[in-house]
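The values are calculated or read from the model by the stated rules, or taken from the named source; none is laboratory data. In this text, all values refer to a predicted model and were calculated from it rather than measured experimentally. Reconstructed Cβ throughout: ideal geometry from the backbone, glycine too, with neighbour counts over all protein chains shown. Keep in mind that these areas ignore ligands, DNA and RNA; they rest on the heavy atoms of the full protein, side chains included. Shrake-Rupley method; radii C 1.70, N 1.55, O 1.52, S 1.80 Å.
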Amino acid sequence: MRVGFIGLGTMGAAMAANAARAGFEISAWNRTPGRAPELAALGVHQAPSLAEVAKASEIVITIVSDTPDVEAVLFGPDGVAKGAAPGTLVVDMSTISPSATRSFAERLRERGIAMLDAPVSGGSEGAQKGTLTIFVGGAADDLERARPVLESLGTTITHVGPIGAGQAVKAVNQVILAGGYLGVAEGIVLALKAGLDVQQVVTALSGGAAQSWVLSNRSGRMLANDYPLGFKVALHRKDLRIALELAGETGTVLPISALVETIEAGLIAQGHGDDDVSAVARAIRQLSALPG
Ligand code: NAP
């Protein structure tokens, strides 16, 4: 099957590599040329334009930053919608607005192009190992067309409803993570300030009810006050803004998400937007008079 990848960032490059290793014929495009040169050795052809990738592909996967970026690659001059033949399937795996997703799908449908939203969870590690969790919105038969390639990218693929539903589930995921990161940051800073052996605390807690992916995988960074990627603070803030927009549309009150969104805005203003999202601990450290 011929598969196009639009966006070769942290996630897209690793995902395109896994799809190529699984035997799919991959053409790819990235806005900034020359990213992910390692893909050439896996037989991935980097095309000079979006439309060429669309023309060459039965399924086009988009994995770019935000809602306006997906709009730009789909509908911009020389975009996917221009190059794709009727019958092409677009699978957007970026994390973007659910309502914008529905409108993009409608605009594509007018051109005979089908769309799924299939945002992912599992971080850069999941993208590299091919173990992503994928939440799919859209028609069941379109998911069946896409399933073989999705199976090369992730291990848990759930059809969660019509178009846009995948993005809504992803918003829920990010809301839960906001509390997870902030809770672990507060716990680690409290342990430090109380003079405890933080590594021992983490080990002791890992068998109990406070155990979590964030505690196991990100508390060490909070202790070291060093936040290599990962998942950028700026992207998580973008996701919380999407969740808060959905909360506004549905009359939902999200106090922790609103708080984490504003902490992240402060970190971005301090120049930490490219740190891993575990850098919320910087803010708690600073407020607690520790080096932040
Ligand atoms: P990234 O490393 O910052 O890469 C972003 C990619 O989007 C780059 O290829 C960038 O191109 C491209 N892009 C951005 N704006 C564009 C535009 N207007 N036109 C064309 N291309 C554009 O981000 P990432 O971590 O791969 O994340 C990609 C998506 O996956 C985001 O929606 C993110 O929320 C989601 N996600 C990320 C993670 C994670 O752990 N990183 C986990 C789950 C979901 P350039 O190279 O030209 O900048």
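Within the range 107-136, the residues that satisfy the criterion of being closer than 14 Å to Leu74 by Cβ and part of a helix (DSSP H, G or I) are Arg107, Leu108, Arg109.
In summary, Arg145 fulfils each of the numbered conditions (1) farther than 30 Å from Asp275 by Cα; (2) open to solvent by less than 40 Å² (accessible area, probe 1.4 Å); (3) touching a residue at least 40 places away in the same chain (Cβ under 8 Å) with the single exception of condition (2). Restricting the range 12-29 to residues that are open to solvent by 40 Å² or more (accessible area, probe 1.4 Å) and not charged (D, E, K, R) leaves a set whose member that is farthest from the ligand (Cβ to nearest atom) is Gly23. Examine the range 193-216 for a residue that is at positive phi, crowded, with 19+ Cβ neighbours inside 10 Å and in contact with a helix residue (DSSP H, G or I) (Cβ under 7 Å, 6 or more places away or on another chain), and state whether such a residue exists. Checked the range 193-216: no residue is at positive phi, crowded, with 19+ Cβ neighbours inside 10 Å and in contact with a helix residue (DSSP H, G or I) (Cβ under 7 Å, 6 or more places away or on another chain).
What do you reckon, is Ala81 part of a helix (DSSP H, G or I), of a type outside the set (D, E, K, R), within 15 Å of the ligand (Cβ to nearest atom) and farther than 25 Å from Leu229 by Cα? Here the answer is yes, as Ala81 does meet what is asked. The single condition among (1) in contact with an Asp or Glu (Cβ under 8 Å, 6 or more places away or on another chain); (2) within 16 Å of the ligand (Cβ to nearest atom); (3) over 14 Å from Ile6 (Cα atoms) that Gly138 does not meet is (2). What do you reckon, is Ala234 in contact (Cβ under 8 Å) with a residue 12 or more places away in the chain and either within 27 Å of Ala105 (Cβ to Cβ) or in contact with a strand residue (DSSP E or B) (Cβ under 6 Å, 6 or more places away or on another chain) (or both)? Yes; evaluated as a whole, the condition is true for this residue. Considering the range 218-252, and only residues there that are more than 18 Å from the chain's Cα centre (by Cα) and farther than 18 Å from Pro98 by Cα, the residue that is most open to solvent (accessible area, probe 1.4 Å) turns out to be Asp226.
Report yes if Thr32 is within 12 Å of the ligand (Cβ to nearest atom) and either aromatic (Phe, Trp, Tyr) or under 18 Å from the mean Cα position of the chain (by Cα) (or both), otherwise no. No, not satisfied.
Among the candidates Val184, Val260, the residue that is in contact (Cβ under 8 Å) with a residue 12 or more places away in the chain, in a helix (DSSP H, G or I) and either assigned by TED's automatic domain parsing to the domain that holds Ile63 or within 16 Å of the ligand (Cβ to nearest atom) (or both) is uniquely Val260. Under the condition of being farther than 18 Å from Arg102 by Cα and polar (S, T, N, Q), the residues counted in the range 41-75 number 3. Look at the range 111-131: where a residue is closer than 18 Å to Ala168 by Cα and a partner is within 11 Å of the ligand (Cβ to nearest atom) and assigned to a helix (DSSP H, G or I), sitting 6+ places away or on another chain with Cβ atoms under 6 Å, you get Asp117/Gln167; Pro119/Gln167; Pro119/Lys170; Ser121/Asn173. Can you tell which of Gly208, Gly273, Gly292 is within 16 Å of the ligand (Cβ to nearest atom) and part of a loop (DSSP other than H, G, I, E, B)? Every option except Gly273 fails the conditions. Quick one: is Leu177 within 30 Å of Ala54 (Cβ to Cβ), in contact (Cβ under 8 Å) with a residue 12 or more places away in the chain, within 19 Å of the chain's Cα centre (by Cα) and surrounded by 14 or more Cβ atoms within 10 Å (Cβ to Cβ)? No, not satisfied. Provide a single number: the residues in the range 39-62 that are open to solvent by less than 60 Å² (accessible area, probe 1.4 Å) and assigned to a helix (DSSP H, G or I). Number of matching residues: 6.
Residues of the range 91-134 that are more than 14 Å from the ligand (Cβ to nearest atom), open to solvent by 30 Å² or more (accessible area, probe 1.4 Å) and on the phi < 0 side of the Ramachandran plot: Ser99, Arg102, Ser103, Glu106, Arg107, Arg109, Glu110, Arg111.
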